[in-house]
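Single-structure report; data block below.
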Amino acid sequence: MIKQSVCNYCSTGCNLEFNVEDGKIQKITGKKGYPVNNNTACIKGLNLDKQCSVYGKNKLPLLRGEDGKMHEISWDAAFKVFATRMKEIEDKYGEGSSAFISTGQLPLEEMALLGYIGRGMMHMEGDGNTRLCMATSVVAYKQSFGFDAPPYTLEDIELTDTMILIGANPAVAHPVIWGRARKNKEAKKIAIDPRYSETAKACDEWYGIKPKSDLYFLYTLANVLIEKGYIDEDYINNHTEDFEGFKEHVKKYTLENVEEFTGISKDRVLELAETINNGKKVSLWWTMGVNQGYEAVRTAQAIINIAVMTGNIGREGTGPNSITGQSDAMGSRLYSNTACLYAGRDYANEEDRKFITEVMNIKDEYIPKRPTKAYPEIISGAINGEIKGMWIVSTNPADSWIDNSSFIKARENLDFLVVQDLYSDTDTAKMADLFLPVAPGIKKSGTYINTERRLSSLVPMIQKEENELTDFEVLHGIGKAIGMEEELKGWETTRDVFYLLRKASKGTPCDITGVIYDEMVKDHNGVQWPLRSGEKLEKDQRRLFEDGKFFRPNGKMKFMYEDVKVNEDKQTKEYPYVLNTGRGTVGQWHTQTRTREVQIIENMISKEPYIEISKEIAENLNINNGDKIEVSSVNGKKVEVLGKINEGLKSDELYGPMHYIETNILTRGSYDAYSREPSYKYATVNVKKVN
Ligand SMILES: Nc1nc2c(c(=O)[nH]1)N[C@H]1C(S)=C(S)[C@@H](COP(=O)(O)OP(=O)(O)OC[C@H]3O[C@@H](n4cnc5c(=O)[nH]c(N)nc54)[C@H](O)[C@@H]3O)O[C@H]1N2
Ligand SMILES: Nc1nc2c(c(=O)[nH]1)N[C@H]1C(S)=C(S)[C@@H](COP(=O)(O)OP(=O)(O)OC[C@H]3O[C@@H](n4cnc5c(=O)[nH]c(N)nc54)[C@H](O)[C@@H]3O)O[C@H]1N2
Ligand code: SF4
Ligand SMILES: [Mo]
């Protein structure tokens, strides 16, 4: 039997066809005709059948006993322990003394239920690993457009004539999207990245910018575009606010200083300005090289400003386009009840609260009064004793958190740590007091929203085994154990929750009241939000702002800007190099808990942790490719890893793939002021050859 479902790795949201016979997945292929990935898929999606096939065999929860070891207990006992211990913590330390940390990797129905139980019923703080990833784009779009609204449709990649990629490496991180870009042979492709990345190599031009100098560069570029009159005055006059302020602001970012600050010569800035002006359909795409920085929101907004003032928005092949990361990053940021009230609503808005109580049948006392503490504040709260209970759902902060030794410190001060994961042997799960095992995506149902706002359906491919529960079922078990059975009426199935969320979206920019699940999402081509009640789904590709109306009260986009800040982490004699970090290979997914199950990926990658060093560092320190090196960081930690020479790195640059725990031992805890997203891609370090 052939069944269709969405891949639950990255935010591309490829749909796959699973050939299932005798309760086993025999073959996986890209779904033909699906608007995202027509027939294609990457190595991760094609090996989705390998989930929990080697690891993750335990189906019953584990509780740490007095002997310090983990012991199997029944699900009922586990739910009881959860409820009792969390209640004890609230009684002893007060409201807000426990927190959950969740993910952009669960379907939105599970996220919504987690938000209801955690934030609503249990009064926890609750944030997601999306804070490590998309928070910058969320804040940038919200301030500029009035809503967290990425404007594009993926077809814009094929329609654009000028594609500018800023801090994005889709050749590795979004291979199917990159495959579509490569097909657009006419488009001029430009990569702005300190590294000569896989994507930069495949582009027509590479701007090897100094790390974290993008804001200076973009303001200078904007200044040149304005001075040369390469702007769309009609668009600016009719659809934007405070362009004059922005124009004044960027005047001080002159070509004279640009090379010193950014490493890019003034001629090349001029060249880029000409390219933008010559393009009829210019699109600017950004990912983590922008989002993970100490002035990231303003950098993302500088990209937005350039696209809008040149009239490159709301038309085919244009846009200031943030690409998301995790499979449901978009769903979790809008529908999880963590960053905002359901459907992008506001906790502080009385009308929004009232509407949610009515349509979702949630009592007002179960709607939080304010947004949560952000992830960094949850971790620092645990370190300083404010947070005593923690529930980690589908993320692995022991590896992925910035300066990750601070997570160990946080853990040491917790009274109770619960980890809910596929695997009991992740670095985080190994520290848990209570471990809740769950079924992998191939055994459950729900809805994901991909990078271009498309809803698609996760469909169970194979049956669960005895005692195996999905996250949805675990959440229900917890809800009942805390005495909220009555409140969960109407939330029985993922389908129930989807329809609650659909109702909650009414009248918002992400309105999905017109979505009919079985006619549009499941076994179909998916739907991009919005689709309002009564609207027909006429096109597979829909972009926002075609009418020039934005979501701010006056309908206009607002230019957001601020002075460039000095990077506090300066290169010194002691720490003369810069550690950049990010994805390593197409096959490796984050902290590798899942992709380690796929033998062909394992055969291709380095099992031993490594950090790449520049040719110059290697020569100066007499390091050969594959030698052991010690890397020490400004954060006071050091690691021993293999040193791999990468000629595409700047002379003072190192690159640490995030897939190995060692990389985040070295990163330095600094954050963007507005989004609180960690600045993962810059820490000063030193290197030594280990003899
Ligand atoms: N194979 C694979 N694919 C993935 C993932 C995975 O783990 N494995 N993860 C998914 C997730 S959650 C995400 S968020 C995406 C991330 O997707 P990307 O953001 O594309 O990936 P990264 O490698 O984190 O970073 C992109 C680039 O930013 C550059 N960069 C670093 N500092 C700067 C800077 O100061 N300025 C500029 N302009 N560039 C800079 C880096 O050199 C790097 O090439 O990938 C998704 N896809
Ligand atoms: N240095 C550096 N660090 C980074 C980054 C970087 O660029 N550089 N990028 C950051 C970014 S963008 C991201 S998104 C984060 C990602 O960081 P993490 O979220 O920590 O990475 P994952 O390995 O995807 O962790 C997901 C966990 O959920 C489990 N899991 C999978 N499916 C399910 C499920 O259905 N239910 C449950 N309950 N569990 C499940 C997996 O086994 C795994 O343990 O890392 C961040 N860290
Ligand atoms: S590109 Fe992303 S969504 Fe598509 S198959 Fe690969 S991991 Fe899955
Ligand atoms: Mo991410």
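The values are calculated or read from the model by the stated rules, or taken from the named source; none is laboratory data. None of these values were measured; they are calculated from a predicted model. Cβ sites come from the backbone with ideal geometry, for glycine too, and all protein chains shown count toward neighbours. Please note that ligands, DNA and RNA were not included when accessible areas were found on the heavy atoms of the full protein model with its side chains. Shrake-Rupley method; radii C 1.70, N 1.55, O 1.52, S 1.80 Å.
Specify the residue that is surrounded by the most Cβ atoms within 10 Å (Cβ to Cβ); the eligible residues are those in region 216-233 that are free of Cβ contacts under 8 Å to residues at least 12 places away in the same chain and part of a helix (DSSP H, G or I).
We begin by selecting, within region 216-233, every residue free of Cβ contacts under 8 Å to residues at least 12 places away in the same chain; these are 227, 229, 233.
Still in the list and also part of a helix (DSSP H, G or I): 227, 233.
Details: Glu227: 15, Glu233: 11.
Selected residue: Glu227.
Return yes when Ile601 is under 25 Å from Tyr660 (Cβ atoms), open to solvent by less than 10 Å² (accessible area, probe 1.4 Å) and either free of Cβ contacts under 8 Å to residues at least 40 places away in the same chain or within 16 Å of ligand 2 (Cβ to nearest atom) (or both) and no when it is not.
Working: under 25 Å from Tyr660 (Cβ atoms): yes; open to solvent by less than 10 Å² (accessible area, probe 1.4 Å): yes; either free of Cβ contacts under 8 Å to residues at least 40 places away in the same chain or within 16 Å of ligand 2 (Cβ to nearest atom) (or both): yes.
In short, yes.
Residues being touching a residue at least 60 places away in the same chain (Cβ under 8 Å) and over 28 Å from Asp232 (Cα atoms): count how many of those fall in region 530-558.
1
If I ask for residues that are within 30 Å of Lys31 (Cα to Cα) and assigned to a loop (DSSP other than H, G, I, E, B), which ones from region 429-458 would you list?
The answer is Val438, Ala439, Pro440, Lys444, Ser445, Asn450, Thr451, Glu452, Arg453.
One residue is enough: does region 263-276 have a residue meeting the conditions open to solvent by 20 Å² or more (accessible area, probe 1.4 Å), acidic (Asp, Glu), more than 16 Å from ligand 1 (Cβ to nearest atom) and in a strand (DSSP E or B)?
no
Please find, within region 277-300, the residue that is nearest to ligand 4 (Cβ to nearest atom) out of those that are surrounded by fewer than 24 Cβ atoms within 10 Å (Cβ to Cβ) and of a type in the set (Lys, Arg).
Filtering region 277-300 for residues that are surrounded by fewer than 24 Cβ atoms within 10 Å (Cβ to Cβ) and of a type in the set (Lys, Arg), the one nearest to ligand 4 (Cβ to nearest atom) comes out as Lys281.
For region 147-165, which residues satisfy the criterion of being of a type in the set (D, E, K, R) and not in a loop (DSSP other than H, G, I, E, B)? Give the steps one after another, and end with the answer.
So in region 147-165, the residues of a type in the set (D, E, K, R) come out as 148, 155-156, 158, 161.
Result: Asp156, Glu158.
Under 6 Å by Cβ, and 6 or more places apart or on different chains, what pairs join a residue from region 166-180 that is outside the structural domain of Gln301 (by TED's automatic domain parsing) with one that is within 9 Å of ligand 3 (Cβ to nearest atom) and acidic (Asp, Glu)?
Within 6 Å, no pair qualifies.
With the checklist (1) touching a strand residue (DSSP E or B) at 6+ places or on another chain (Cβ under 9 Å); (2) open to solvent by less than 40 Å² (accessible area, probe 1.4 Å); (3) more than 16 Å from ligand 1 (Cβ to nearest atom) in hand, flag the one item Asp49 doesn't pass.
Just one mismatch for Asp49, condition (2).
So how many residues does region 185-243 have that are within 15 Å of Val290 (Cα to Cα) and either of a type in the set (A, V, I, L, M, F, W, C) or in the same structural domain as Gly656 (by TED's automatic domain parsing) (or both)?
6
Could you identify the single residue in Gly33, Gly65, Gly23 that is modelled with pLDDT of 95 or more, on the phi > 0 side of the Ramachandran plot, out of contact with any helix residue (DSSP H, G or I) (no Cβ under 8 Å at 6 or more places or on another chain) and open to solvent by less than 80 Å² (accessible area, probe 1.4 Å)? I'd like the intermediate steps shown before the answer.
Working: Gly65 fails: on the phi > 0 side of the Ramachandran plot; Gly23 fails: modelled with pLDDT of 95 or more.
Of Gly33, Gly65, Gly23, the one residue that is modelled with pLDDT of 95 or more, on the phi > 0 side of the Ramachandran plot, out of contact with any helix residue (DSSP H, G or I) (no Cβ under 8 Å at 6 or more places or on another chain) and open to solvent by less than 80 Å² (accessible area, probe 1.4 Å) is Gly33.
For residues in region 120-150 being open to solvent by 10 Å² or more (accessible area, probe 1.4 Å) and charged (D, E, K, R), which is nearest to the chain's Cα centre (by Cα)?
Residue satisfying both the conditions and the ranking: Arg131.
Any residue that is within 27 Å of Glu597 (Cβ to Cβ), within 13 Å of ligand 2 (Cβ to nearest atom) and surrounded by 24 or more Cβ atoms within 10 Å (Cβ to Cβ) - is there at least one of those in region 476-486? Can you show your working first?
Let us first name the residues in region 476-486 that are within 27 Å of Glu597 (Cβ to Cβ), namely 477.
Filter once more, so that each one left must be within 13 Å of ligand 2 (Cβ to nearest atom): none.
Within region 476-486 (the criterion being within 27 Å of Glu597 (Cβ to Cβ), within 13 Å of ligand 2 (Cβ to nearest atom) and surrounded by 24 or more Cβ atoms within 10 Å (Cβ to Cβ)), the answer is no, since none of the residues qualifies.
Among the listed residues Leu621, Leu654, Leu649, Leu579, which satisfies the condition of being surrounded by fewer than 20 Cβ atoms within 10 Å (Cβ to Cβ), touching a residue at least 60 places away in the same chain (Cβ under 8 Å) and not acidic (Asp, Glu)? So that I can check it myself, show each step before the final result.
Values: Leu654 fails: surrounded by fewer than 20 Cβ atoms within 10 Å (Cβ to Cβ); Leu649 fails: surrounded by fewer than 20 Cβ atoms within 10 Å (Cβ to Cβ); Leu579 fails: surrounded by fewer than 20 Cβ atoms within 10 Å (Cβ to Cβ).
Result: Leu621 is the single residue among Leu621, Leu654, Leu649, Leu579 that is surrounded by fewer than 20 Cβ atoms within 10 Å (Cβ to Cβ), touching a residue at least 60 places away in the same chain (Cβ under 8 Å) and not acidic (Asp, Glu).
Checking the structure you have, find out if any residue of region 98-119 is assigned to a loop (DSSP other than H, G, I, E, B), more than 16 Å from ligand 3 (Cβ to nearest atom), touching a residue at least 24 places away in the same chain (Cβ under 8 Å) and crowded, with 23+ Cβ neighbours inside 10 Å. Spell out the reasoning first.
Here is the first cut: in region 98-119, the residues assigned to a loop (DSSP other than H, G, I, E, B) are 103-107.
Filter again for more than 16 Å from ligand 3 (Cβ to nearest atom), leaving none.
No, that holds for no residue.
Just to be sure, is Glu95 assigned by TED's automatic domain parsing to the domain that holds Leu334 and either in a loop (DSSP other than H, G, I, E, B) or open to solvent by 10 Å² or more (accessible area, probe 1.4 Å) (or both)? Explain how you work it out, then say what you get.
Details: assigned by TED's automatic domain parsing to the domain that holds Leu334: yes; either in a loop (DSSP other than H, G, I, E, B) or open to solvent by 10 Å² or more (accessible area, probe 1.4 Å) (or both): yes.
It is true that Glu95 is assigned by TED's automatic domain parsing to the domain that holds Leu334 and either in a loop (DSSP other than H, G, I, E, B) or open to solvent by 10 Å² or more (accessible area, probe 1.4 Å) (or both).
Can you name the condition, by its number, that Lys27 falls short on among (1) of a type in the set (Lys, Arg); (2) under 30 Å from His123 (Cα atoms); (3) without any contact (Cβ under 8 Å) to a residue 60 or more places away in the chain?
So Lys27 meets the others, but not (2).
Taking Gly325, is it within 16 Å of ligand 4 (Cβ to nearest atom) and modelled with pLDDT of 95 or more? Spell out how you get there, then give the answer.
Values: within 16 Å of ligand 4 (Cβ to nearest atom): yes; modelled with pLDDT of 95 or more: yes.
Judged against the criteria, Gly325 is a match.
Every residue in region 157-171 that is buried (at least 24 other Cβ atoms within 10 Å of the Cβ), away from ligand 4 (no atom under 16 Å from the Cβ) and not β-branched (Val, Ile, Thr), please.
Listed by number, the residues that qualify are Met163, Leu165.
Of the conditions (1) more than 30 Å from Val527 (Cα to Cα); (2) surrounded by fewer than 20 Cβ atoms within 10 Å (Cβ to Cβ); (3) out of contact with any Phe, Trp or Tyr (no Cβ under 9 Å at 6 or more places or on another chain), Asn184 fails just one. Which one is it?
(1)
Restricting attention to region 415-428, does a residue exist that is more than 16 Å from ligand 1 (Cβ to nearest atom), assigned to a helix (DSSP H, G or I) and out of contact with any Lys or Arg (no Cβ under 6 Å at 6 or more places or on another chain)?
no
Considering region 517-532 alone, what residues qualify as being over 20 Å from Pro460 (Cβ atoms) and open to solvent by less than 10 Å² (accessible area, probe 1.4 Å)?
Val527, Gln528, Trp529, Leu531
In this structure, is Glu640 assigned to a strand (DSSP E or B), open to solvent by 30 Å² or more (accessible area, probe 1.4 Å) and not assigned by TED's automatic domain parsing to the domain that holds Asp193?
Details: assigned to a strand (DSSP E or B): yes; open to solvent by 30 Å² or more (accessible area, probe 1.4 Å): yes; not assigned by TED's automatic domain parsing to the domain that holds Asp193: yes.
Spelling it out, Glu640 is indeed assigned to a strand (DSSP E or B), open to solvent by 30 Å² or more (accessible area, probe 1.4 Å) and not assigned by TED's automatic domain parsing to the domain that holds Asp193.
Taking the conditions exactly as written (outside any helix (DSSP H, G or I) and either under 24 Å from Leu666 (Cβ atoms) or open to solvent by 10 Å² or more (accessible area, probe 1.4 Å) (or both)), does Ile392 satisfy them or not? Lay out the reasoning, then the answer.
Values: outside any helix (DSSP H, G or I): yes; either under 24 Å from Leu666 (Cβ atoms) or open to solvent by 10 Å² or more (accessible area, probe 1.4 Å) (or both): yes.
Spelling it out, Ile392 is indeed outside any helix (DSSP H, G or I) and either under 24 Å from Leu666 (Cβ atoms) or open to solvent by 10 Å² or more (accessible area, probe 1.4 Å) (or both).
Could you list, ordered by first residue, the pairs with Cβ atoms under 6 Å in which the first is in region 449-464 and of a type in the set (Ser, Thr, Tyr) and the second is in a loop (DSSP other than H, G, I, E, B) and surrounded by fewer than 24 Cβ atoms within 10 Å (Cβ to Cβ), at least 6 apart or interchain?
Qualifying pairs under 6 Å: Ser457/Lys522.
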